[in-house]
1. Taking B:VAL332 as the residue in question, decide whether it is away from ligand 1 (no atom under 16 Å from the Cβ), surrounded by 24 or more Cβ atoms within 10 Å (Cβ to Cβ) and not charged (D, E, K, R).
2. List the number of the failed condition for A:ALA237; all other conditions in (1) open to solvent by 20 Å² or more (accessible area, probe 1.4 Å); (2) away from ligand 3 (no atom under 16 Å from the Cβ); (3) more than 10 Å from chain C (Cβ to nearest Cβ) hold.
3. Somewhere in the range B:163-178, is a residue assigned to a strand (DSSP E or B), within 12 Å of another protein chain (Cβ to nearest Cβ) and touching a helix residue (DSSP H, G or I) at 6+ places or on another chain (Cβ under 7 Å)?
4. Which of the residues spanning the range B:67-84 are more than 13 Å from ligand 1 (Cβ to nearest atom) and either open to solvent by 10 Å² or more (accessible area, probe 1.4 Å) or basic (Lys, Arg) (or both)?
5. Going residue by residue through the range A:209-225, is there one that turns out to be surrounded by fewer than 24 Cβ atoms within 10 Å (Cβ to Cβ), more than 16 Å from ligand 1 (Cβ to nearest atom) and at positive phi?
6. Would you mind stating whether B:PRO235 is over 19 Å from B:LEU95 (Cα atoms) and away from chain C (no Cβ under 14 Å)?
7. If I ask for residues that are within 14 Å of another protein chain (Cβ to nearest Cβ) and open to solvent by less than 10 Å² (accessible area, probe 1.4 Å), which ones from the range B:110-124 would you list?
8. What is the number of the single condition among (1) away from every other protein chain (no Cβ under 11 Å); (2) at positive phi that B:GLY87 does not meet?
Amino acid sequence: MAKMVTLSIDDQTVTVPAGTLVVDAAKKIGNDIPVFCYHPKMEPVGMCRMCLVEIGRPVMDRASGQPVLEPDGKPRIQFAPKLETACTTPVSEGMVVLTENQKVTAARKEVLEFLLTSHPLDCPICDKGGECPLQNLTLAHGPGESRFLFDEKMRQQKHVPLGELIFLDRERCIQCARCVRFQSDIAADPVLGFSQRGRSLEIMTHSEPGFDSIFSGNTTDICPVGALTTADFRFGARPWELKSAASLCNHCPVGCNLTYNVRREARSDGKSVIKRALPRQNEAVNEIWICDKARFVYHYTESPERLSTPLVRRNGELTPASWDEALEAAAQGLRSAGEKLVVLAGGRLSNEDLFNLHALAAARKGRAVLYSDMAGGDLTAQVGLAPGSNLADLGAGSVVLVAASDLHEEAPLWWLRIKQAAQRGARLITLGARPTRLEAFASLRLRADYGQQAQALASLLEPAGLEGDFREAAEALRSAENVVIFFGSDGVELAESEALARAAADLLVHTGHTARPNNGLVGVWPHGNTQGAWDMGFHPQAPAELAHSLAGAGGVLLAGADPAGDDPALAAALEQAGFVVVQELFLTESARRADVVLPAAAYTEREGTYTSGERRVQRFYPVTPPRANARPDFVIAAQLGTGLLTDVEGRAAALVMQRIAAQIPAYAAISYQRLAETQEQWPIIGRKDLYYGGTSYENTQGLGVSLPLPEMVSLPAPKAYAPAPVPAGALRLVRFSRLYDHGSLVRHSPLIGQRLAARAVWLHPSLLVQLGVQPGEEVEITAGDEILRLPAAADENLPLNAAGLPRSAGFPTPNVPWVVVRVPAPVPSGQANKE
Amino acid sequence: MGQYLLLRHREIPNLHQLDVYRAHGGFEAFRKAVTSMTPADVLAAVKNSGLRGRGGAGFPTGMKWAFLPNDRWPHYVVANADESEPGTFKDRELLESNPYQFLEGLMLASYAVQANQSYVYLRGEFWALAQKLDGCIAELEKAGLLGENLFGTAYHLRLATHLGAGAYICGEETALLESLEGKLGQPRLRPPFPATHGLYNSPTVVNNVETLANVPLIVEHGPDWYRSFGTEKSPGVKIFSLSGCVNKPGNYELPLGTPFRELIFQHGGGIPNGGQVKAFMSAGASSTIVAADDAALDTPMDYESTQNNLNAPLGSASVIILDDTVNMADLVQKTVHFFKHESCGKCTPCREGTFWMNRLATRIAAGQGSEKDVDLLAAVARQMQGKCLCALGEFSTMAVVSGIEKFREDFLHK
Amino acid sequence: MNELLSKYPQEVQRILARYPAERKRSAVMPLLFLAQAEKNYITPQAIAEIAEIAEVSATEVASVAGFYTLFHEEPGGRYRIQVCTDLPCVLRGADRFLQELKAYLGIEVGQTTADGMFSLEEVKCLAACHRAPMFQLQGDGQITYHEDQTLETVRALVEELRARAGKEA
Ligand SMILES: Cc1cc2nc3c(=O)[nH]c(=O)nc-3n(C[C@H](O)[C@H](O)[C@H](O)COP(=O)(O)O)c2cc1C
Ligand code: SF4
Ligand code: FES
């Protein structure tokens, strides 16, 4: 426990841990000392000088070391000759802080006057108007009139694109460097800087492409003026016209808490539309940050390409139908397909959707298959991160092991928080086949070939036989106070994923790092609710098995999964399947092959829950009304259930959760009420001065609930895993996940669209040299029965024996162990013209 | 011993050559220190000599060295050769003409705090000087005075130069360290001070060139000998850079405590064209403007007297003479423009205040200012005081406030 | 390809050797000087190359280049005549000297002579107050001081530099 220090602030006594800054101590007792440059998530820099206060300290007697007392018995206080910055001064015992006297009030007014000499005062047309610390503080502390000649103000550029996502207004910038510091200290992407100096100091970026950081949007939240705005929201609306709705991001397993701001608009017939996404504070999940995908991807919900009506195949063509017709057709089709229904669902569906879909599969004695490359959800359910954990608590004494994952791409907020844990002194160990951005912060970087990652991880169980870094890592795991292991899917296919998860679970069990806060196993799942899908009873199948299941199924129900769009073998299998029903937002490749297509509501149009990779169940709320004709997946499942004579709850998501709680032990204590509970978090967000979190939202609608772990751990028998051999002349096919992939939703988001990963096969540069091709030139890839032609791209981090293909590449990619890459034979000139 | 302690090249031709410098006892102090004195002995000698920093603040040098914690390593010494205060040109003469005495001082300081790598940070304009200094360092390496196992001991030391690139603020020690780390020259928050968290976050001594040039003499002749020069609280000699309206501008090495009058009239040859001295600035552009009455002219030039009697800092002792042809509004416009140009922009009052003052001072100097503008100029300056992150902001207000206070007429009737 | 590195491998190594191996960022300023010697200003390409050598972002390098007045982000004349017009020099006639210089070169401050040889700039105190009027000459990767100047001394220098450039061409 930190030593406590007692001081007085404006005659109010407050006791805080030693090391607390005066500004934070004041905030705790409701005294909002004005600040601009200070941000509680960053080191203080004391540059804006807004937070000046008068500070006195007790006079100490040199000889006795005791405070000198006044005649009235109170300690004698000596005040410093100059005002001090509350944001940089730590509290000390007996300190007396004055924040309201004449000297301090005058200083605030004076500093504000300085800031305003250069400010354009264009509040009426500023996006930040109404939620601007400068505006608020000016009202509270500012001078009544300007003594500065308006003609002498500096005129500067007002619409500088820093990249395609963020715009800068140079006149409004007050040079607080919050954005620069966020990018270098928190995001570790130092792509914003100052150029020039003095009054000419201005924000700039030199990165290629502009403002090249997946965390860029956060700078617009913490900018205390309207200098930084998103391409999304600029001139979009005035903050006071906006309503907010609590939501979650479902694009990765972190489960970042979001707030969507909505406004009724004429262009959508007076309906509410989303104007922007902002982080919502959850210190145990995303603190006050989100990645740019979370912030900008929501536009797919308003895509004109959304399915607007159910479709039923008639005479070989998908034709619009009413819901009743479509549901009837679907139920009839599935009924006549007999038992053995295959329900294939993706991890972006909610727990309620998945529970209901599972009920359908169970009713038809079928199989509930999770569409995922990763296994291990049964293990995380047993040895996952224990309740009471918070990555922010990891520091010296803790070990974080990240195996086979490029967290920066797969789960950006975890990347950020683990990097910070390492900077606080936690020992970070990475294990992988190629260097990743996280490695820069690791103390041990364990390297294992693709195909050998699970084995390498398992080897840590026996330190005795190991050498070098592996041995050190094994010993670090044993001696650490806390251990958290993350396992991902970088170049890992399902069978290896199972072995990888198993090895990680074994390590935790053997070293005694389970069932305690800040210990446990975390899956870096492909989607926001993959963990929930496991919990609801969905399990993945390996590609060949899945193809077999689909091809042999009398009935297939697809929800949140597009196998045909991803893999030609699955597309073929789907074509062989009996009756196919798809519930989706878009007409995916799988939907094109379906017999009935049912338009699903986007998650922003309904409510539900997701279970994050840390096994925190969180609630999301309706943000906008559903698209005409779209229905929530759990409702669709329930309605299909009616046709299949099965009782599935479809009236309300909360009622589905009651069933989940009744049937799934881990969820026994979960209810919508409990999920909506909050408690005070630090730093305090949302007071009138807005200074702490910027425009990050205060969390008033629920921090979520961590799932308990079972008393008894019983791990399944381990399965031997050996990678498929790669014949001479072939390359191991390595599949990895990209943040800006071409997922079926992402590709309908115009803003993010500009950053989508290029369509290419990735090879080590020296392989390109061997092949004699330049980056960008096409190569021919033989993968099983398929032959693809793709531009080659260089990635020096890939090993020499591998060919990399992103998952959700936007085109079907065969899921095979190895491929042969060669230069395409030149087309004989005579034939070229025919095409 | 000749007339000079620091400007010895004025008596000894070619003192900038290593053999000449050694022939006059050069590097004996360093040899003595490394071979027969402990680091603590060297530190004690400097402490007892009462040597105070010549870079501006006059902080006791030995005390500064003693602040370095011995549980955190490595230690660094950085020589401050940024010399950018308008009116200051003493370090440049030392570097050019007596470089080895300065380097020996830097090496002694390094030994005293057990630094194995030290740097000379020169303002970028001293490009040619840096080349020469690199040559000197190479000579020293060749002569075995720098490198591994010096004089057969375990001590090793390397020196390197680092050029700034045009920024007055890099004379401020924390901005200097930022610059040496390859960043913008913006001052750091203090505390922590460089003594505990300096270059690369390691314990670091930053000393002025002239300060260091004194050290070989102190080690060689002992603290008592050094104390025989100057005053009790300001012992030793000081180089005074004399400039402005004076017949013989230049550097003058004099004991601390010499009166201004002697510097200006006896050494500087008085005011050109039989003019009158109207005012002077004791510490370059950062200084208050002192009206040159008899009391002022008779004030001894040492750290206490100038501060106490004239409310002006001695600073780096760059004395700028202003005669009766100078209008103080023009002068203030110059100083304010300088600080506006050199403000790093990190803190609000300095960034905005110098910008605003410059607008006002320019208007006033152009004869377009009103009385209200004059009062506003003084008010803006006072409004900056006590609020800035580093001393530059404070410096920028000195001439403004004192100038308007003492020579208001000059501002009103342009 | 990193031209700076391939063209000046020894200089780059010598610069890096001055700083601890894990403190390559310290080399940014010396590398900027090295790069500037090429074209008399800092090109975007040089910024990217320095970033690579010093292992920092291009933004960080550009930021340093922008802060310091001796780094130029725009091309100017081959030589920049940088006259000190700060307080002590002005007290000794620097203003008048600058006027004469402008007339002689036929350009204003901030401009470059038609032959691309000289740009005229005003700078702050150069620590040569006792030898005013004075200027420094920045060009060809060097900086030299010229003190106690008159129009005659400048004329001689300008003519010499023009003649030398003529011979080179
Ligand atoms: C704005 C500013 C500029 C300064 N410029 C210089 C300088 O050019 N040279 C110098 O030695 N000290 C300069 N100083 C003082 C240094 O910060 C530091 O106190 C000094 O280098 C310490 O050396 P000393 O103890 O030997 O005097 C400056 C200080 C400030 C605030
Ligand atoms: S853009 Fe905003 S965050 Fe960045 S320095 Fe300016 S005011 Fe601060
Ligand atoms: S200086 Fe304290 S908030 Fe900016």
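The values are calculated or read from the model by the stated rules, or taken from the named source; none is laboratory data. Given the structure is predicted, the values throughout are model-derived calculations rather than measurements. Quick reminder, even Gly has a Cβ in these numbers, built from the backbone with ideal geometry, and neighbours come from all protein chains shown. For accessibility, only protein heavy atoms count, side chains too; no ligands or nucleic acids. Shrake-Rupley method; radii C 1.70, N 1.55, O 1.52, S 1.80 Å.
1. yes
2. With respect to (1) open to solvent by 20 Å² or more (accessible area, probe 1.4 Å); (2) away from ligand 3 (no atom under 16 Å from the Cβ); (3) more than 10 Å from chain C (Cβ to nearest Cβ), A:ALA237 is out only on (1).
3. Yes, because at least one residue in the range B:163-178 is assigned to a strand (DSSP E or B), within 12 Å of another protein chain (Cβ to nearest Cβ) and touching a helix residue (DSSP H, G or I) at 6+ places or on another chain (Cβ under 7 Å).
4. If the condition is that a residue be more than 13 Å from ligand 1 (Cβ to nearest atom) and either open to solvent by 10 Å² or more (accessible area, probe 1.4 Å) or basic (Lys, Arg) (or both), then B:LEU68, B:PRO69, B:ASN70, B:ASP71, B:ARG72, B:TRP73, B:PRO74, B:TYR76 are the ones that fit.
5. No, there is no match, as no residue in the range A:209-225 is surrounded by fewer than 24 Cβ atoms within 10 Å (Cβ to Cβ), more than 16 Å from ligand 1 (Cβ to nearest atom) and at positive phi.
6. Judged against the criteria, B:PRO235 is a match.
7. B:ALA115, B:SER118, B:TYR119, B:VAL120, B:TYR121, B:LEU122, B:GLY124
8. Result: B:GLY87 passes all but (1).
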